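The values are calculated or read from the model by the stated rules, or taken from the named source; none is laboratory data. Keep in mind that what you see is a predicted model, and the values were worked out from it rather than measured. Here the Cβ is made from the backbone with ideal geometry for all residues, glycine too, and neighbour counts use every protein chain on show.
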Amino acid sequence: MVAMNRASWNLFGVIGSKVIGIIRQLGAMFLFFLKGLGLIFVLPFQFKKILKQVYFIGAKSMFIILLVGLFTGMVIGLQGYYTLVKFGSEGLLGGAVALSIIRELGPVLAAIMIVARAGSAMTAEIGIMRISEQIDALVTMNINPIRYLISPKIAASIISFPLLTALFDVIGIMGGYVSGVLLLNINSGIYFSRMSDMVSMQDISGGFYKSFVFGLLVVTVCCYEGFHVHLRRERFGARGVSQATTSAVVISCVWVLISDYVLTSFLL
C-alpha cells in the first residue's frame, strides 16, 4: 500500500514538473516575442533587413504556395462535386470551394508550408549562429541580437503571411474552377455567382486575421528554438541544431492547428 502511494505521488510529481516546464517555456517564449516586437520600432528602422526577410519568407515561398494551393483547390472541387451531386446541389460548388479555402484551408496550409520551407531554415540559421558563438560576438560588440536577428523576421512575417494566404486563396479557387468547370462541366457563371452570394467580407477578414496570428506564432517559435539551442539537453553541435529545427517545425504546426480552432470559435 505504501509502495502504491509512493508510485502515485511520483507519477503526480513527474506530470506536475512537465506541466510547470511547459508553462515556463511558454512564458519565456512570450517574453521573447514581446522583446522582438517592441524592438521593431526602435530607431533607426531596419528597412533593408525587413525587405530581405520579406523576400526570404514571402517571395521564395510563392512557388510552393501556388503549387499546393492549386492542387488543394482541385481536390476540394473534385470531392465537393461528387458530394453535392448526391443532393442535386452541384451548383453550390463554387461557394463551397471558396468558403473552405478562404476560412480554413488557405491560412492553415499556407502557414504549414511556410513553416516547412522558411521556418525550418530560420531555426537552423539562428541555431548555427548560436553554436558558432556569432550571437555572443554580437553581444560583445554591444549589438542587441534580438533586434538584429529576430525583429526583422517578425516584421516580415506580419507582411508576408497575409499576402501568401491571399495568393493561396486565389489559386485555390482557380483550382476548384479547373475541376468543377473545365473537367466536370459546371456552368462557370453559376460557379462564380454562387461564390459571390455565399462568401462575405467577414469570411475574408477572418482568414486574414488567422494568417496574421499564424505568422507571429511561427516566427516566434522558430526563432526561439534556434536562439536558445544552447539550452537544450543535446547542447552544442549539429545534433542540437537538428533537434531544435525538428522541434520548431512540429511545435509550430501544432500551435497553428490549436490557434486555428480557438480563432474559429471566436470568429464564427
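Odds and ends about this structure:
- Pair list, Cβ under 8 Å, 6 or more apart: the range 50-61 residue touching a residue at least 24 places away in the same chain (Cβ under 8 Å), other residue surrounded by 15 or more Cβ atoms within 10 Å (Cβ to Cβ) and among the charged types (D, E, K, R): Gln53/Lys153; Ile57/Lys153; Lys60/Arg117; Ser61/Arg117
- Within the range 156-213, the set of residues being crowded, with 18+ Cβ neighbours inside 10 Å and among the polar types (S, T, N, Q) comprises Ser157, Ser160, Thr165, Ser179, Ser211.
- Helices (runs of 4 or more DSSP H) contained entirely in the range 92-134, each with at least 2 residues that are closer than 15 Å to Val218 by Cβ, of a type in the set (Val, Ile, Thr) and at pLDDT below 90: none
- When Thr165 is tested against the conditions (1) in contact with a Pro (Cβ under 6 Å, 6 or more places away or on another chain); (2) polar (S, T, N, Q); (3) free of Cβ contacts under 8 Å to residues at least 40 places away in the same chain, the lone failure is (3).
- Single residue of Val170, Val178 found to be within 22 Å of Thr83 (Cβ to Cβ), in a helix (DSSP H, G or I) and at pLDDT 90 or above: Val178
- Every pair of residues 6+ apart whose Cβ atoms lie under 6 Å, when the first sits in the range 170-196 and is free of Cβ contacts under 8 Å to residues at least 40 places away in the same chain and more than 17 Å from Ile102 (Cβ to Cβ) while the second is surrounded by fewer than 21 Cβ atoms within 10 Å (Cβ to Cβ) and not hydroxyl-bearing (Ser, Thr, Tyr): Ser188/Val181
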